[in-house]
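Right, one structure below, let's go through it.
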Amino acid sequence: MRARILAVLAYIGAAVTLLIAACVPFVLMGVFSNAVAHAGLHLDPSYSGGTIVRTVAHSGYQMDVYAPVRPRALQQVAAFVQIAFRPVAALPRHVSEEIDLDGDGQPDVRVSFTVPADPHARPSGEVVALNAKYQSFTMPGNYSFSEMMVQSGGAVVVRVPLR
Amino acid sequence: MLGLATGPICLASCGPVVLPWMLVQPQRVRSHVRQLSIFLGARLAGYLAFAAVIWLAGIALARSGTARSWIMGGVQVLLAVGLLIYAAAWPHARCGFVRRRKNDLVQIDAASTATPKPRPTGAIALGFLTGINLCPPFLVAGVRAAQLPTLAAALMFFAVFFVGTAVWFMPFLSLGVVRRTPSFLTVARMAAVLLACWYGFTGGSLLIEKAIYG
Amino acid sequence: MASRVLTRPPALRSPAFRSIGRSVLLTLPMALWALLMFTPSFRQPGRNLHIGALLVILFMTALFFLMMRTGKTYRWRRYFFVALGLLFPVGFIASLVAVRGTMSIPIERMVSGDTPFCYMVIPMLILPAAVTRTIIFPGSILPTASNPHSIAIMIGLWLALTLVVGKAWCSYVCFFGGIEEGFAALPKRMKIRKLDPRLRLVPWAILLFVVVLSAALFEPVYCMWLCPFKTVTEYPAVHSVTTAIQMGIFITLFAGLVVVLPYLTKKRTQCAFFCPFGAFQSLFNKINLFEIRFDREKCVDCTLCQTSCPTMALSAESIREGKTLLNCMKCGACVDSCKKSAAVWHLKGTKVALKPERARLLFLYGAWAMATMFGGSILANSISTIIGFLPLR
Ligand code: SF4
Ligand code: SF4
């Protein structure tokens, strides 16, 4: 009797599996994807740059300053602050600006770069630290997650390493 | 907070040590609680002993980035060597663990009413060693402790750091219900070798980088 | 102790296992499913894609028909799986080169979340996501115009497929496994016969290693350091000693585990002895209803099944117990090779060997439907890409 019940349950299970298979492309995939999308997850800030804390509007374009990103645990990325100038199409050919990164009213770095005509090319320019909290660098140079000046996602993204 | 935050790394650093070791303990949650307590107690002792040393030497250490890199590199290589020795030592009866495990299992099987008494030596040794084995989060904590004004504050800092990290070890208790097979031990040893390769590589490259670029 | 492992191609049972009429009837649902899956492709513009879709419908339906007609599973599944393994990189690399002009991922594309998500990362995501809600992958959570293979879409797809196929993922879904299955199929005889059975534990050790270390380093360690398939998909741009070492590791692992060793051993050595995702996926064998069992009354312990298993998922003990090991991916090679019909498909909860063909059919409808949906669409895209390269008018 027990074997019979088990067998019936097994066939019911197999039928349910087939039903699930039929639902995968039409319902299930979407349901699961939505669940993942709404699970409150976020990308690691070493990739995404973190959260925007201040936006400065310029004529035609804007500059977003992000919160500092510090390595977690044994993460090998050094601490940095991201700045994004967007949209690239509205940027003047040459940008040079003193930027307050920590919101204390004093400029912390001077960022200068030339926007290349090729949308895939990397801008050339430099970051000059105006105080000891930040590090200066020149591009093209060594690109890393904590030190870069690139065109990415319709913006010129600059990451300034923290000391 | 640092302890809590670095907990996952503590698991990463100590996990491969704790995991296989816990797996060779008798398959009982109570036994695991006892063994883990001894392990963590010994780890705290290791922490406090090292806190004193790192505080005394630490001010100089914290100031010199180069010295820190040398020490980090050296420690990681040592950790790699330790893991390799540990992985290689497991299968041999001479290390004592395997023999003890067999005895325990026999005791459990033969008389389930009798309480098995695993000797605490292994737990104490491993706990103390992981306590002073300078795993990277421990070094981070060490550098911060070195900047504290008094030895007492450094000791206190390490005690709190220990509590934070200890929380992360609790899931190991669930291993008490995992069935023991030789495969578990082999997997744990292989993972230890892989981790040794990782620490060897990162530590070695840090040392080479320092040797070349200063 | 190293065990002696011999591999021979699975022997053919009588080709007429079923009549043509019955085989056609059983194939009909699968043919309709294939049509349904590719209807959207026909609505899209592009003659090449239409040709690709049509070829895939015919290919998948024909293979299923042959499975029904001959009673063999592995033999025909292999054509699909090898085609998938060989064509996936073609389509993928072509799309990468079209979009970014190179197979390497420049740092700006990682920063803008344009890295297509690969399911191999999933085990490494779990701990950091559970503890800090952070995803340690440079993709985007929601699909974007420049990255349709977003994290949510791909994890959703993986979850749904895994519910149906479990570890059979490695026989019917994975677009990497077919590459080594192809190389393993090339030689007539195996050149290396002795393989240490402990090797099958290595994927578990690598899984433990990458999961723990990824949580510590907050980066997908396997993708950064160990994935052999970076060689034929995409890789971080080489710009330093470290990235050069990483690239060297990828190429060495690919050449060794995916090309040379499968050729020498006739095993899927990367899947059997390395892939941590495969090990992770093995856990789903516990909850999947279908499995391979051995009828001990018919089994004569000839070990033909054991030698034919491409992933060493059988041991003498497991066969004596009438079971496979946890890493069985339900490819069906052992069943195909058994001359005594002792290796059988089985639905958990039913009596072993009572209705093995029914169990096989129930399993295959689900698994082949997923293969057609997922692998089939990859094949269709790759075929249309290849046609695009041909100097046709
Ligand atoms: S073992 Fe890994 S590479 Fe092989 S088929 Fe499975 S997931 Fe794919
Ligand atoms: S045991 Fe599983 S993996 Fe091995 S041949 Fe049989 S079905 Fe394939």
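The values are calculated or read from the model by the stated rules, or taken from the named source; none is laboratory data. These figures come from a predicted structure and were not determined experimentally. Don't worry about glycine lacking a Cβ; one is built from the backbone with ideal geometry, like all the others, and counts go over all protein chains shown.
Brief remarks on what is shown
- Within segment C:310-324, restricting attention to residues that are more than 10 Å from C:ILE292 (Cα to Cα) and within 9 Å of ligand 2 (Cβ to nearest atom), the residue that is surrounded by the fewest Cβ atoms within 10 Å (Cβ to Cβ) is C:SER318.
- Test: residue in segment C:298-309 that is within 14 Å of chain B (Cβ to nearest Cβ) and near ligand 2 (Cβ under 7 Å from one of its atoms): no
- Here C:PHE117 does not qualify as out of contact with any Leu (no Cβ under 7 Å at 6 or more places or on another chain) and away from chain A (no Cβ under 12 Å).
- C:ALA62 part of a helix (DSSP H, G or I) and either without any contact (Cβ under 8 Å) to a residue 12 or more places away in the chain or touching a Cys at 6+ places or on another chain (Cβ under 6 Å) (or both): yes
- Residues in segment C:325-339 that are among the hydrophobic types (A, V, I, L, M, F, W, C) and near ligand 2 (Cβ under 7 Å from one of its atoms): C:CYS328, C:MET329, C:CYS331, C:ALA333, C:CYS334, C:VAL335.
- Subset of segment C:214-268 (residues that are free of Cβ contacts under 8 Å to residues at least 60 places away in the same chain, surrounded by 17 or more Cβ atoms within 10 Å (Cβ to Cβ) and in contact with a strand residue (DSSP E or B) (Cβ under 9 Å, 6 or more places away or on another chain)): C:MET224, C:LYS230, C:GLN246, C:MET247, C:PHE250
- Failed item in (1) buried (at least 19 other Cβ atoms within 10 Å of the Cβ); (2) over 19 Å from C:LYS267 (Cβ atoms); (3) away from ligand 1 (no atom under 16 Å from the Cβ); (4) not β-branched (Val, Ile, Thr), with C:ASP336 passing the rest: (2)
To keep it simple, each residue is scored yes or no on (1) modelled with pLDDT of 95 or more; (2) in contact with a Lys or Arg (Cβ under 6 Å, 6 or more places away or on another chain).
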position: C:PHE38; (1), (2): yes, no
position: C:GLY52; (1), (2): yes, no
position: C:VAL56; (1), (2): yes, no
position: C:GLY71; (1), (2): yes, yes
position: C:TYR79; (1), (2): yes, no
position: C:PHE88; (1), (2): yes, no
position: C:ILE93; (1), (2): no, no
position: C:LEU96; (1), (2): no, no
position: C:SER104; (1), (2): no, no
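- C:ARG189 of a type in the set (D, E, K, R), more than 9 Å from chain A (Cβ to nearest Cβ) and within 16 Å of ligand 2 (Cβ to nearest atom): no
- Residue in segment C:139-156 that is assigned to a helix (DSSP H, G or I) and in contact (Cβ under 8 Å) with a residue 40 or more places away in the chain present: no
- Note on segment C:140-168: residues that are at the interface with chain A (Cβ under 10 Å from one of its Cβ atoms), of a type in the set (Gly, Ala, Ser) and surrounded by fewer than 23 Cβ atoms within 10 Å (Cβ to Cβ) amount to 3.
- Scan of segment B:184-214 for residues that are within 19 Å of the chain's Cα centre (by Cα) and not in a helix (DSSP H, G or I), ordered by number: none
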